[in-house]
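The values are calculated or read from the model by the stated rules, or taken from the named source; none is laboratory data. Small disclaimer: the values here were computed from a predicted structure and weren't measured. Cβ atoms come from the backbone with ideal geometry, glycine included; neighbour counts cover every protein chain shown.
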């Protein structure tokens, strides 16, 4: 056995995690190699020091009475909520999961509808481009209106920023819509997968809402 | 604690729960003490942890030993507390200092070394710290620690090895009298490893990895 292999096993040797054969091989190496013997002795010393330094601490005599007094106060205050049938999850976790599932379902349903409509109207590329144009035009009109009624410099700066973000060449929104074309094409080609995913998300979302409803009724 | 007693505690029998508290107050308080680093916080943490145990007890399904399940709750509670609390000061080890009678120089020295070691452990990242403390204070095997923390045994082994390496690096100045001799120590007599600490509950776990 080489030194590196032996040293890799030192901790497990000290913790009794090696099988007897391997432990014997490591010890045999340490008996022949002076450097590894020192290393093993140092690790054994640290192990012993840690055992002493982190030894169990006796609990104070009044700990159990204090705990039991607190438990009695909780018991007297009302039924143990953990005894009641109800959701295992904390309410906030259930809420977040349900919201995420419903959001996923909504997004999937919208995606499926979009894919279907885009197939009807000349393909997703066309549909995405038309929607992008419509949004850009609408936002530009809004921005122009705001320019007319605004007076302050700050408002103008914000309008310019908004206009650049929404309607400028290579704007974020435009690129995002272009980026959607690929997934939408895929969704249009696999309507049954999209429908199954949407249905699953809907079931999860409804189950989450039911758990929240149960929890709310109990509280 | 036998299963019948646990079931009675689950059903709300106060005396059975009191029995549970008396049985496990030592491990729970020790774990809280070593993670918190002082008696006052340890007391609060132990009380809060037992309250959580009381509330969660009806959900205990006997799929793990009760001790493992209890230590999981206490560990998680203490780790939450460690993450929330402001950066710790450097407390003296009250457990050692309070009971200290007149000490010789070497005793003082070894107490200081022990305190330096405890401080070094407290400065480890929490996910290393908790494994070191579960191993040395609760005397848990890799498998038991893995069950408490719900992580793979391999991860326990890796983290414990890294924690020890960090401690060796940080505590280069601390030398145990047994290894201070400049000469190479003699070849150790072949003996059954490991030398378990007194009061060991579980004993050595010998198994192939």
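With respect to the stated conditions, residue A:48 is under 29 Å from residue B:115 (Cα atoms), over 35 Å from the mean Cα position of the chain (by Cα) and at pLDDT 90 or above.
From the list B:82, B:112, the lone residue that is closer than 21 Å to residue A:63 by Cβ and at pLDDT below 95 is B:82.
Within region A:10-45, the set of residues being touching a helix residue (DSSP H, G or I) at 6+ places or on another chain (Cβ under 8 Å), more than 25 Å from residue B:118 (Cα to Cα) and either crowded, with 19+ Cβ neighbours inside 10 Å or within 7 Å of another protein chain (Cβ to nearest Cβ) (or both) comprises A:18, A:23, A:26, A:27, A:29, A:30, A:31, A:33, A:36, A:37. Scanning region B:57-69 for residues that are within 13 Å of chain A (Cβ to nearest Cβ) and loosely packed, with under 15 Cβ neighbours inside 10 Å yields B:59, B:61.
Going residue by residue through region B:15-35, is there one that turns out to be more than 24 Å from the chain's Cα centre (by Cα) and either modelled with pLDDT under 90 or closer than 24 Å to residue B:63 by Cα (or both)? Working first, answer last.
Our first condition is that a residue be more than 24 Å from the chain's Cα centre (by Cα); within region B:15-35, this holds for B:15-16.
Narrowing the set further to residues that are either modelled with pLDDT under 90 or closer than 24 Å to residue B:63 by Cα (or both) leaves B:15-16.
Yes, region B:15-35 contains a residue that is more than 24 Å from the chain's Cα centre (by Cα) and either modelled with pLDDT under 90 or closer than 24 Å to residue B:63 by Cα (or both).
Residues that are surrounded by 16 or more Cβ atoms within 10 Å (Cβ to Cβ) and under 16 Å from residue A:48 (Cα atoms) are absent from region B:122-130 altogether.
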